[in-house]
């Protein structure tokens, strides 16, 4: 197949020999969406996104659809089932009334989402009344209990897999806060009791039940009537529930398409602190560039995956080379040959070890000492008892004295001098923002650093330096475009989001490419505010005098003939391309740049003078 | 590439005071040529040594003077012989005059190239500059240097001086050194100069960039602070890793008689469709790229992608400024960029300088969105930090580091250190020992920073090029051990360690490490393989071996404090079966000692723990006999002494005889085992 699920976790530092040490700590998620389909869900409306009223049923279904589209990219190994209750028709393994499990071909009821599931679910509202139908399942005089049945079916769907390896959840969408309200006392009591018991049984099996209540503008969903008992809410949680529930609904729709990675140890290393004192550390890749998923080559005729075969062919004889060949470097007019083992031997310095060399003040760690993304290290007492204790002690000392450690890391593929920077734990509102541990930063060597800033001054004069006035004007401008709360990774990658959007449009044969927002676009509006413009003008005058405009015009003229041509060709290519062929019909929606996310950040201080 | 050919003259001080570092100079210079032979084959190079007894140069014959200077090699295109020449530099007998050497070098360049190749001509001086230069006949030394520097600038020559100082020139006259430093600095006023001071052999090896890289801009255009405020900048790479050379694959298929054989290997990829039993090769035009969407793969042609891809406009825009503390150092993603104002553009230089200095004062950084070229299919978001120049000839500039996108961050949670048990938390003494280490094992004492990346050579590459040179002469040469001078990069500096012996002693006293005995066998095996692996491979140098041969936590004896842990650790030392025997024997003795020395039963609890461990050990080894004998012995002992509490303790924890169900060789039934202590009939306690 060539489709290795492990590809997802490939990391530049990985080497295949290390598979043995890799462990996955987190697990899959199994989710059953349980949607109330009673007539009340269709009759009740609330203002939707585009100010038009939409039914609660529509809200629920579009929320699930959005969530599925995110999930198929971010966590495509998680499994889902979609189940309606209060339906006219029934479809479930237990053959219980009023419960309908929605599914598509080539898929088990609880399974990974597929393009087909998403596509057909997208148009469920068109066929719903015809094929599934809406009907109250709890009516006076009948012993049927559709809510009870629904929970039973959901629980049965979630029987798959061990609770140790999977998170199991039921997400319940309803706008009925009093499901047994229409019943008489005795029947009501009885049904309430059995339903709560059914929910408790599910919870005892490790299944969590989450409620997504839908309120009408005029009457809020009263969670204490019934559901507080079912999901086990009391006290403060109860008070907090409604506000957080509506947020949850919003979040589900508005998730980032982001591939999730399970936490795992990249490798275990030995941190050699002193002779006879080596502790065990685990390394983790917390930050790595995400690329669109791996490419699988297909036969364009059959769409079947192709098997890639790599072969080495001797250019002199055309013979196939089986054994790993020798390597050579042309040098001094001859070919100097190396065995692959010799190359490995050259690179082998303190293999698998991180050797402490000493400490330096943090100010010695220059901004330009960087080559690759850092690696996180965290101690482990699993092999060497006492490791954590030493690590914590060093960690504290390094934070206290504002020093980092210099060490030599003997990774087999890429041995390197590294800096170990202690990071204190940072939490915010109970959530861990920065885990405690150390970041291993790969340091450059002499030949990796360039001194291009020193190239140009061939003149006898000193380099121009800004004077105090110019610096003050610059400072005033900087203050105007100052962002208070910036986080280093708040932007979604627009190219990647676009990629996922296109992929979704093609996979689902959608007419439009879903709109993606380039969050990295500058806040043009904010930057043209009078206060900013004024500060910019003052700075310009101070540095450029009157000559600024000539300068900037010159640049525009410079675009060469060749690059203009290239640009024209590129623009035409986009114009000429018949997107219709791709998406059957319809037009590609022009993508609008929207700097929504950034605007909220760019809170310039108001002019104070 | 002809226009980029460099013309270099090495001016090497080989006087007596330099002898201590000449072997490093030899390594450095031969490495320079070795790399030129691969990467810049057409560069030209001459070698001048000064401080020699004899004199051999044009100027001394033409005009006289210029004594003790020998042209070892006239300027020529680099070749293998140059490497050989540089590997055995002569040891001079007199103190040389670096200024004379500079003039000789200039003379060579002028005679050979006239005033052509401006900017490509370079002198590289390596000296300790601790001996006074000769007085001139007319004017001061300063005037003399000034004249030479002007001439140098007129000829378009550059000079790079590596001055070896510190530990490497201890007893020098400070007055002379200061004068020489001043004279050398005059060059930088007139012409393009780089002066480097190094004080360890290791940094000497890193002092000279041995690979010449032609600077290429990544971007030329505007840095947009706002739509109304743009500064013209050029962007270069500030760091870029020099990779291990990509070696070509060598084919041995061609017969030795074939003199024209290229021995090249072609790597071919074939894409095959697998339909049932038949496989067929699919031609490139019939292939299409597929991307995963859930369990499915969606085919998308390149043309389709191109039409709908994200295509941002070229440009660099400031998104905002923010506090430097908002950007964590570990978020830097890649190698680093350098932003300089457009060269020769005074206004832009001033603007960059003003912004950089204001940022520095405010401790601010700028967040940038960069699209380096038209047609680039992604954007780069990163952080711009000020670089305030310390050299008045060099303008202020910025560094730029790429930051991660939201998708690039994996938000794993880790346990808070406070959540660990008390035994994992360092106590005051342990914390003090760690504090001492962090402060005392200092690599940057008062301005003398060791292992400064700028002066640290890459030990792997050094080793590779050295091996390459060896192999060129002797094809079966073994991989050389890591050079002594490079050891300080991969191991702690022995001097620094020796100076801090008390700090390390305290560390050993306060921290205890041991291997986890509960490890599964497979993991343990891995651990041992790793141990032995490191022994096998780090074969260079006695010092290393003596360290490597001791696993960090080898337990050779069962102590009084933690007998159970010691026992388990010994049992897990699988490298020698004798450990098991020794462990069992020692623990057995320990138990008996505990019994005998117990005062009012105060040591019974400990004895019981030991018995539990021992019992486990015997079952593991499937040797019930000795253990059961011991139990009989204990029972008898207790009966004789009338001790009731110990048998009760043992019975309560089921630490009775090992029965047949636990170890095949036992002749005790489960029933017998259960009732072993029950049947005891102790005499009444006295």
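Over chain B, DSSP H runs of length four or greater, each weighted -39,500 (n - 2.57), average out per residue to a 222 nm ellipticity of -12000 deg cm²/dmol.
With a Förster radius of 56 Å applied to the beta-carbon distance between residue A:95 and residue A:413, the computed FRET efficiency rounds to 0.45. With 0.36 nm allotted per residue and the present C-alpha distance subtracted, the residue A:229-residue A:399 stretch has 56.4 nm of extension available. Share of pairwise Cα-Cα distances greater than 21 Å in the range A:57-167 is 40 percent (whole percent). Semi-axis lengths, largest first, of the ellipsoid equivalent to the range B:563-674 are 22, 19, 11 Å, with √(5λ) applied to each eigenvalue of the Cα gyration tensor.
Among B:672, B:342, B:285, B:589, a tally of other beta-carbon atoms within 10 Å of each Cβ gives an order, fewest to most, of B:285, B:589, B:672, B:342.
A simple spin-label model places the labels of residue B:172 and residue B:418 5.4 nm from each other, with each point 7 Å out along Cα-to-Cβ. Here the relative contact order of chain B, from alpha carbon pairs under 8 Å that lie six or more residues apart, stands at 8 percent. Structural descriptor for the range B:2-207: relative contact order 24 percent, calculated from alpha carbon pairs under 8 angstrom and at least 6 residues apart. Taking every DSSP bridge with both residues inside the range B:2-207, close to 20 percent are antiparallel.
Using C-alpha pairs below 8 Å separated by at least 6 residues, the relative contact order for the range B:563-674 is 21 percent.
Take the eigenvalues of the Cα gyration tensor for the range B:246-320, scale each by 5, and report the square roots as semi-axes in whole Å, largest first.
40, 27, 11
Modelled spin-label separation between residue B:88 and residue B:633, with each label point placed 7 Å from Cα along the Cα-to-Cβ direction: 7.2 nm. PRE reach from residue A:462 (point 7 Å along Cα→Cβ): which of the range B:170-206 fall under 15 Å by backbone N? Only B:189-190 fall inside the zone, counting backbone N under 15 Å. For B:55, A:146, the sequence from fewest to most other C-beta atoms within 10 Å is B:55, A:146. Can you list the residues of the range B:343-369 with backbone N under 16 Å from a point 7 Å past the Cα of residue B:326, pointing along Cα to Cβ? The answer is B:359-360, B:362-369, whose backbone nitrogens lie closer than 16 Å to the label point. Can you give the % of DSSP beta bridges in chain B that are antiparallel, to the nearest 5? For chain B, the DSSP antiparallel bridge percentage is about 65. Net length available on complete extension from residue A:142 to residue A:29 is 37.1 nm, with 0.36 nm assigned per residue and the Cα-Cα distance removed. The ranking of B:597, A:304, A:439 by Cβ neighbour count inside 10 Å, starting from the fewest, reads B:597, A:304, A:439. With the simple spin-label model, which puts each label point 7 Å out from Cα in the Cβ direction, the residue B:377 to residue A:107 separation comes to 2.9 nm.
What FRET efficiency comes out for the pair residue B:38/residue A:339, r = Cβ-Cβ distance, R0 = 22 Å, nearest 0.05? Approximately 0.65, to the nearest 0.05.
Every read-out reported here was derived from the displayed coordinates using simple, explicitly stated rules and does not represent laboratory data. Predicted model, so just to flag it, every value in this text is computed and none were measured. Counting neighbours? That spans all protein chains shown, and the Cβs are built from the backbone with ideal geometry, glycine included.
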